[in-house]
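What follows is a set of notes on a single structure, which appears directly below.
The values are calculated or read from the model by the stated rules, or taken from the named source; none is laboratory data. This structure is a prediction, so every number in the text was calculated from the model and none was measured. Heads up, the Cβs are rebuilt from the backbone with ideal geometry, glycines too, and the neighbour counts pull from every protein chain shown. To get the accessible areas, we keep the full protein, side chains included, count just its heavy atoms, and leave off ligands, DNA and RNA. Shrake-Rupley method; radii C 1.70, N 1.55, O 1.52, S 1.80 Å.
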Amino acid sequence: MIYSFVVRFAALYTTTGYVGIDVWSHTTFVEMILQADSLSAINDNKYYASPLFHLLASSSTHLLSLSLRNALYLSLGIVMPLVSLFVYGTARLLVPLRWALAAAALYAMGDQVVRWGIHLIPTSMGLLFFLACMYSLVRVMHASDRWRDFGLLVLFSTTVILTHQVSSFIMLVLLCFGFVAQVLLQLDFFTEEPDPLSLTGGGSTPVNLAGLVGFNIGLIVFTWSLTPYKGDTFLETVLSYFYVNLFNAGFLSGVSGSGGSTGASGTAQSTGPTFLSQVSTYVTEAGFLLLIFAGVIGCLTVLRRSRATQTTYCFVGSIIAMMFVVLGLPLFGIENFVPGRWIGFLYALLAIIGVVGFRHLADRTSLKVIGVVLLLFVLLYPNVMIMSNDGAMDSPVFPNQHERLSYTDPELAAVETFGAARPTRKGAKLYTDLPYGTVWERTEAYPAEALPMKRGRPISQGIMVYRTYQSEHASYFMNNATGTVQNYNPPKTAVCPPTTNYVYSNGHVTICTLPGAEPTPVLSGT
């Protein structure tokens with residue numbers, strides 16, 4: 001637990017502003033709510049019907065009399081390091097104490113778990129309520145079916161739906177497989193006597209989840225039907241996108257798609273993969289692969305009929321479904337379900353089912369076998385997770401391969417100063433690197449796009465923003481030939497040549513314009 005707090009708050013409070021991309025949009029929404037003192041300020045946004053994150057941030061700002069940043073960190077930011085307690089509690093219902101602690105440790109160290117602990121957005125809050133829902137579900141299925149526990153399950157599943165759309169869909173997958181496991185057990189698919197040494201507690205009698213699943217499906221459909229999104233309802237838009245992607249992937253049209261290629265919004269290196277880029281990729285994925293290894297051992301362990309319970313088969317089915325969304329559908333170009341957001345949720349299931357498998361190995365195999373497996377996790381797992389790009393968004397271990405999703409005082413000062421003095425002429429845009437341009441765009445300081453490149457040289461535009469980070473570390477620009485964003489390191493004279501007008505400079509950020517492009521007066525940096 002101390003580890004979780006140190007890692008999260010070391011990132012949060014040593015970073016100016018926020019860590020991540022989406023958080024800038026959500027804090028802008030919260031500021032709009034605070035100014036209007038009403039949710040009507042975001043009535044055209046998809047979070048109008050799922051506002052719990054924004055209500056928490058705005059109410060914390062009022063009650064604590066702090067800045068929005070500090071209020072967010074001292075409310076949701078403090079709670080996120082504690083999410084591993086739900087993993088511990090869930091595992092404790094299935095395995096003895098030491099193995100439950102191992103599951104909590106595996107989860108707390110996960111890069112995706114750290115990611116949502118420092119990038120505080122509705123996904124973070126959705127993950128929190130999902131884990132609470134998972135704990136309540138396992139308690140109902142495996143330990144107790146009292147109305148109090150069932151009421152908590154209904155409460156947490158409802159809060160997930162009112163917090164985040166993707167999280168609610170992930171939660172629905174878990175509940176649906178709990179119902180499928182119930183049906184399989186009631187149909188006597190598994191008739192062997194249960195193994196008393198497999199799991200702690202009960203779980204022999206399946207619990208009826210049909211009403212809960214029906215309630216959540218109905219509430220999701222109702223909520224999404226009221227959620228505005230891109231000129232239509234969220235439900236209609238998502239179904240439309242999914243239908244179009246099915247055709248593009250070839251499932252309905254009979255023509256194979258190009259799901260594995262890099263799209264217009266994808267990223268690619270400006271040159272072939274280097275040794276360092278390959279190492280960074282292996283490090284980023286190694287922790288996930290180790291958890292998958294643990295999950296496979298656990299799934300093979302509980303697939304034996306004598307260990308069949310509603311809980312174990314709910315977990316196995318959910319893991320298979322979530323792995324298909326994360327690794328399978330993107331192969332066909334179907335990413336409507338935002339597979340990157342599922343991994344932090346999947347980690348919890350893999351960690352819990354993984355320790356079930358490790359316990360089986362410890363009880364049924366030699367000390368040498370379990371010793372090698374545990375040594376591999378003790379020595380390798382924490383190191384690769386803390387070095388992973390997903391867990392070090394604020395300060396990447398490989399800065400020339402992965403972009404830094406945090407910003408310095410001069411970089412944010414440029415956004416604030418120039419945004420306040422921006423011209424009112426419609427259609428004006430500024431061009432800079434990604435991800436820096438997202439801060440301008442999402443804080444509504446100025447419309448921004450990626451600066452286009454041709455043969456590695458910037459194509460001059462009306463307003464261009466250079467920061468020293470562009471020449472030193474990973475920053476992405478639009479390749480005019482391929483339509484993809486690529487990692488370049490242009491010098492200052494390439495982005496802002498001497499022939500342009502320098503309208504702002506603070507030593508780290510320079511804003512320049514083409515002659516006659518903008519009537520913006522020269523601003524002095526601080």
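If you restrict to DSSP beta bridges whose two residues both lie in the chain, what percentage is antiparallel, to the nearest 5? Please report the intermediate quantities before stating the final value.
Details: 18 of 30 bridges.
Restricted to the chain, the bridges split so that about 60 percent are antiparallel.
With charges set only on the Cβ (+1 for Lys and Arg, -1 for Asp and Glu), what does the dipole of segment 417-506 come to about its Cα centre, in debye to the nearest 20?
Values: 10 positive and 5 negative charges, 53 e Å.
Dipole size: approximately 260 debye.
Determine the dipole magnitude for segment 341-409: charges of +1 sit on the beta-carbon of Lys and Arg, -1 on that of Asp and Glu, nothing else is charged, the reference point is the Cα centre, and the result goes in debye to the nearest 20. Write out the running numbers ahead of the final one.
Values: 5 positive and 5 negative charges, 90 e Å.
Roughly 420 debye, rounded to the nearest 20.
Quick one: which of 474-484, 489-499, 308-318 comes out on top by average Cβ neighbours within 10 Å, and what's the full order, highest first? Display every interim value, and only then the final one.
Values: 474-484: 18.5, 489-499: 14.9, 308-318: 25.0.
For the peptides 474-484, 489-499, 308-318, the packing ranking is 308-318, 474-484, 489-499.
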If you fit an axis through the alpha-carbon atoms of helix 367-387 and take the longest principal axis of the Cα set of the chain, what angle between them do you get, 0 to 90°, nearest 10? 20 degrees
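Of the listed peptides 35-42, 413-420, 385-392, 228-235, what is their order by residue-averaged count of other C-beta atoms within 10 Å, with the highest listed first?
Details: 35-42: 13.6, 413-420: 18.0, 385-392: 22.6, 228-235: 15.4.
So the order, starting with the most tightly packed, is 385-392, 413-420, 228-235, 35-42.
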Among Trp116, Val7, Phe293 the positive-end extreme of the charge dipole of the chain (Cβ point charges): Phe293
So if I take the centroid of the Cα atoms in segment 1-72 and the same for segment 434-452, what is the distance between those two points in Å? 20 Å
Could you provide, to the nearest whole Å², the per residue accessible area of the chain with probe 1.4 Å? 43 Å²
Inter-part gap, Cα centre of segment 215-245 to Cα centre of segment 123-163, in whole angstrom, is 23 Å
Relative to the longest principal Cα axis of the chain, at what angle does helix 310-323 sit, 0 to 90 degrees, rounded to 10? 30 degrees
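Provide the packing ranking of 378-384, 83-89, 69-75, i.e. peptides ordered by the mean count of other C-beta atoms within 10 Å per residue, highest first. List each step's numbers first, then the result.
Values: 378-384: 14.6, 83-89: 22.4, 69-75: 19.1.
Those peptides, ordered most packed to least, come out 83-89, 69-75, 378-384.
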List the cysteines in the chain whose Cβ has no other cysteine Cβ under 4.7 Å from it. Cys133, Cys176, Cys299, Cys314
Checking the cross-link filter: which aspartates and glutamates have an alpha carbon closer than 16 Å to that of Lys46, excluding same-chain neighbours under 8 positions apart? Asp22, Asp232, Glu236
Could you tell me what % of all Cα pairs in segment 297-343 have separations over 13 Å? 58 percent
Pairwise label distance in nanometres, Ala428 with Asn480, each label 7 Å out on the Cα-Cβ vector: 2.3 nm
Taking Cα atoms, how many degrees apart are the long axis of helix 409-420 and the longest axis of the chain, rounded to 10 and kept between 0 and 90? 60 degrees
Take Arg457, Arg359 and sort them by solvent-accessible surface of the protein heavy atoms, 1.4 Å probe, largest at the top. Arg457, Arg359
By how many nm would the segment from Arg148 to Phe215 lengthen if fully extended, with 0.36 nm per residue of separation less the alpha-carbon distance? 22.4 nm
Efficiency of FRET between Val279 and Leu327 - r from beta-carbon atoms, R0 22 angstrom, step 0.05: 0.50
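Jot down the per residue volume, in cubic angstrom and as a whole number, of the convex hull over the alpha-carbon atoms of the chain.
Details: hull volume 89.0 nm³, N = 526.
For the chain, the hull spanned by Cα atoms encloses 169 Å³ per residue.
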Calculated log₁₀ intensity ratio I(q)/I(0) where the Debye formula runs over C-alpha points of segment 1-42, q = 0.14, 0.31 Å⁻¹: -0.48, -0.96
16 Å cut-off, amide nitrogen to a point 7 angstrom out along Phe222 Cα→Cβ, residues in segment 132-171: 154-163
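Summing -39500 (n - 2.57) over the DSSP H runs of n ≥ 4 in the chain and dividing by its residue number, what mean residue ellipticity at 222 nm do you reach, to the nearest 500 deg cm²/dmol?
Details: 21 runs with 277 residues, N = 526.
Computed mean residue ellipticity for the chain: -16500 deg cm²/dmol.
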Counting pairs of alpha carbon atoms under 8 Å apart in space and at least six apart in sequence, what relative contact order in percent does the chain give? 16 percent
Put a dot 7 Å past each Cα toward the Cβ at Thr205 and Tyr502; how far apart are the dots in nm? 7.9 nm
